[in-house]
Amino acid sequence: MKLKSGNHRLYSHDGFHASNFGVDRDHSEHLAPVNSIRNEHNGMTRLRWIACGLFLTLALSFEAAAVHADESVPVMVGGEAELDACGGVGEVRGLNPRGDGFLAVRAGPGGKFPMIDRLYNGNRVYFCDKRGDWIGIVYGDPKQDCGVASPLPKRQSYKGPCQSGWAYRKWLVLIAG
């Protein structure tokens, strides 16, 4: 392969410039333009970085999904010696009866956590915790004392006797507190 004269500098396979060794352009079949070598190397480096980035993104996505599927996030109550364990009372409102017609209660604050229960328009809940757009709620039979309407000085995860979980705040309206 003969290289035409031009602006390319010729390099050997180990990167040394051909003119430093008295190599004539007409007899340099084993030499290649440096831009070609560099472009090929840079292209492979870019591909490796892209592949690593994609791999890490997928690995972290699967890890996050596994955390959501396998674990629950407890609803925290209390923490103030003079205030109720949960700060407010709310009600489920605005659900479309022609749609799903229920509000999903989830094991953690996010749509990727498993659904553990369903609430309907008019159900009363205690607002106890908050993470972003998700409210940590305690709920149960209206006749049952859930134990969150009086002070608990120490912040702790809710353990019953009622149910607890996380619900998206768009469908919850604060009515007292």
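The values are calculated or read from the model by the stated rules, or taken from the named source; none is laboratory data. Note that this is a predicted model, so its numbers are computed, not measured. Please note: Cβ atoms are built from the backbone with ideal geometry, for glycine as well, and neighbour counts cover all protein chains shown.
Which of the residues that make up the stretch 92-124 are out of contact with any Asp or Glu (no Cβ under 7 Å at 6 or more places or on another chain) and of a type in the set (V, I, T)?
Listed by number, the residues that qualify are V92, I116.
Starting from the stretch 75-94, take each residue that is touching a residue at least 60 places away in the same chain (Cβ under 8 Å) and list its partners that are part of a strand (DSSP E or B) and among the acidic types (D, E), counting only C-beta distances under 7 angstrom and pairs at least six apart or across chains.
From the stretch 75-94, the pairs are V75/D129; M76/D129.
Can you say whether Q156 is surrounded by fewer than 21 Cβ atoms within 10 Å (Cβ to Cβ) and without any contact (Cβ under 8 Å) to a residue 60 or more places away in the chain, as far as the supplied structure shows?
Details: surrounded by fewer than 21 Cβ atoms within 10 Å (Cβ to Cβ): yes; without any contact (Cβ under 8 Å) to a residue 60 or more places away in the chain: no.
The answer is no for Q156.
Kindly indicate the residue of the stretch 79-92 that is among the charged types (D, E, K, R) and at pLDDT below 95 and also nearest to Q163 (Cα to Cα) among those meeting that condition.
Step one: of the stretch 79-92, the residues among the charged types (D, E, K, R) are 80, 82, 84, 91.
Now narrow it down to the ones that are at pLDDT below 95: 80, 82, 84.
Numbers: E80: 22, E82: 24, D84: 18 Å.
Among them, the one singled out is D84.
Filter the stretch 98-124 down to the residues that are surrounded by fewer than 15 Cβ atoms within 10 Å (Cβ to Cβ) and closer than 12 Å to G165 by Cβ, then identify the one that is farthest from the chain's Cα centre (by Cα).
If we filter the stretch 98-124 for residues that are surrounded by fewer than 15 Cβ atoms within 10 Å (Cβ to Cβ), which is where we start, we get 98-101, 111-112, 114-115, 118, 120, 122.
Checking the rest, the ones that are also closer than 12 Å to G165 by Cβ come to 114-115, 118.
Working: P114: 15, M115: 18, R118: 24 Å.
Selected residue: R118.
What tally of residues in the stretch 157-177 results from selecting those that are part of a strand (DSSP E or B) and over 24 Å from the mean Cα position of the chain (by Cα)? Step through it out loud before you land on a result.
Keep residues of the stretch 157-177 that are part of a strand (DSSP E or B), which gives 157, 163-168, 172-176.
Narrowing the set further to residues that are over 24 Å from the mean Cα position of the chain (by Cα) leaves 163, 173-176.
Counting residues in the stretch 157-177 that are part of a strand (DSSP E or B) and over 24 Å from the mean Cα position of the chain (by Cα) gives 5.
Before we move on, is A149 in contact with a Ser or Thr (Cβ under 7 Å, 6 or more places away or on another chain) and either buried (at least 16 other Cβ atoms within 10 Å of the Cβ) or more than 11 Å from A167 (Cα to Cα) (or both)?
Numbers: in contact with a Ser or Thr (Cβ under 7 Å, 6 or more places away or on another chain): no; either buried (at least 16 other Cβ atoms within 10 Å of the Cβ) or more than 11 Å from A167 (Cα to Cα) (or both): yes.
For A149, the condition - in contact with a Ser or Thr (Cβ under 7 Å, 6 or more places away or on another chain) and either buried (at least 16 other Cβ atoms within 10 Å of the Cβ) or more than 11 Å from A167 (Cα to Cα) (or both) - is not met.
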